[in-house]
Amino acid sequence: MPWWKAVLIALDQLLNALFGGWPDETISSRAWRWDVFGVRRWPRRLIDAAAAVFGDKAHCHQAFLSERFGRQLPPEARSPYRKEKKRSC
């Protein structure tokens, strides 16, 4: 992962924690969970619309999957038992 992307993810996680979220979760992942559980829909829609401008489809869902499967972790820190199924969105 490039350095600049790691820094952006860290800032994203910091903002999420400052607004009462889990400290290791991004705002996009939280927005996906909120939408799925019926808490709020507008954050996911806003983030996904902004990301779509840059060609990033289903951004919040992909962020949630990244959290679930530890994609942001170094390879040696990822669980060998947690296998990700390949799907197209």
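Observations on the model:
- Projected label points at Met1 and Leu73, each 7 Å from Cα along the beta carbon direction, are separated by 1.2 nanometres.
- Calculated mean residue ellipticity, 222 nm, the chain: -17000 deg cm²/dmol, from DSSP H runs (n ≥ 4) at -39500 (n - 2.57) each, averaged per residue and rounded to 500.
- Loop-located chymotrypsin sites (Phe, Trp or Tyr not before Pro) in the range 1-60 (DSSP state other than H, G, I, E, B) with a sparse environment of at most 14 neighbouring Cβ atoms within 10 Å: Phe19, Phe37, Phe54.
- Among the GluC sites (Glu not before Pro) within the range 1-85, those in coil by DSSP and having at most 13 neighbouring Cβ atoms inside 10 Å are Glu84.
- Under the criterion of Cα pairs below 8 Å and six or more residues apart, the relative contact order for the range 23-71 equals 43 percent.
- Shape analysis of the chain places it in the rounded category; the axes a ≥ b ≥ c from the Cα gyration tensor give an a/c below 1.5.
- Note: relative contact order over the chain, using C-alpha pairs below 8 Å and six or more positions apart, is 19 percent.
Coordinate-derived values only; no laboratory data. It should be emphasised that the depicted structure is a prediction, and the values quoted were computed from it without experimental measurement. Cβ: placed from backbone, ideal geometry, glycine included. Neighbour counts: every protein chain shown.
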